[in-house]
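Let me begin by presenting the structure, written as structure tokens, before commenting on it.
The values are calculated or read from the model by the stated rules, or taken from the named source; none is laboratory data. Treat the numbers as computed from the prediction; the structure is a model and nothing was measured. Methodologically, a virtual Cβ is constructed for each residue, glycine included, from the backbone with ideal geometry; neighbour enumeration extends over all protein chains shown. Only protein heavy atoms, including side chains, enter the accessible area calculation; ligands, DNA and RNA are left aside. Shrake-Rupley method; radii C 1.70, N 1.55, O 1.52, S 1.80 Å.
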Amino acid sequence: MKVKGNILKARIAFVEERFGSQGWSRVLESLGPEDQKILGGSILNLSWYPFDCSTRLDEAIVKVLGGGNTRLFEEMGKASAKENLTGVHSNLVAPGDPQAFMRKAQVIYQFYYDTGYRTYEETGPTSGVMTTYEAKTFSTADCSTVIGWYREALAMCGAKDVQVVEDTCRARGGDFCRYKVSWR
């Protein structure tokens, strides 16, 4: 499985903004030579990169800079949403209509991942269920970044008190990843 370069670039931007260039150097140095080559080079938004490299990057950020605190993954997801939804994917934001944004979940997924798919089902005027199927690779870190990403994205659409709860996760033995989403 592969991810788009904009995911990696958003992670790097998060580290540099929050921890400075020294923080990014420490993270990069903690990774193996193959990851260093990828992440230390020129990353292109629309190019595909190994999912495993992304996972190792996430783990290194939390280990080296976050003291093991996995809440940092959600913060990375939030930063990624800000980076991508005010830039390359700004046309996806639906100001004043969070449900319209959520109905784009399948399209959004395809912008970031090369295998699997995501569905979205409305369960009420301000709620729904988003489910990811058939992703070849998965991690609890990636799921946490998805939670942070959608919380921020929905807030950018005008939603308040956004809640995203993953009640089933492949990385924890589930057959798919399912997120219950609600807001006011």
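Report the gain in length on full extension from GLU121 to SER25: 0.36 nm times residue separation, minus Cα-Cα distance, nm rounded to one decimal.
Contour length minus Cα-Cα distance gives 30.4 nm.
Taking amide H positions as placed 1.01 Å from N in the peptide plane, with prolines and chain starts having none, which residues 5 or more places from LYS2, or on another chain, fall under 5 Å of its amide H?
Residues meeting the amide H criterion: PHE51, ASP114, THR115.
Mind giving me the FRET efficiency for ASP52 and ASP161? R0 is 45 Å, r the Cβ-Cβ distance, nearest 0.05 is fine.
Given R0 = 45 Å and the Cβ-Cβ separation, E is 0.80.
Under 5 Å between amide hydrogens, which residues at least 5 positions from ALA135 or on another chain qualify, with H placed 1.01 Å from N in the peptide plane?
Excluding prolines and chain starts, which carry no amide H, the hits are TYR117.
Relative to the longest principal Cα axis of the chain, at what angle does helix 51-64 sit, 0 to 90 degrees, rounded to 10?
Relative to the chain, helix 51-64 is tipped by roughly 70 degrees.
May I ask you to list the trypsin sites (Lys or Arg not before Pro) in region 112-170 that are in a DSSP loop and have at most 12 other Cβ atoms within 10 Å of their Cβ?
LYS136, LYS160
Only loop residues by DSSP count here, and only those with at most 14 other Cβ atoms within 10 Å; note down the GluC sites (Glu not before Pro) in region 59-139 that meet that.
Those satisfying the criteria are GLU134.
Return one whole number: the accessible area per residue of region 85-156 in Å², for a 1.4 Å probe.
For region 85-156, the per-residue accessible area is 43 Å².
Going by the alpha-carbon gyration tensor, a ≥ b ≥ c the square roots of its eigenvalues, is region 1-44 rounded (a/c under 1.5) or, if a/c is not under 1.5, prolate (a/b greater than b/c) versus oblate?
Note, shape of region 1-44 comes out oblate.
Using a 1.4 Å probe on the protein heavy atoms, what percent of the accessible area of region 85-150 belongs to carbon and sulfur?
So the carbon and sulfur contribution to the accessible surface is 50 percent.
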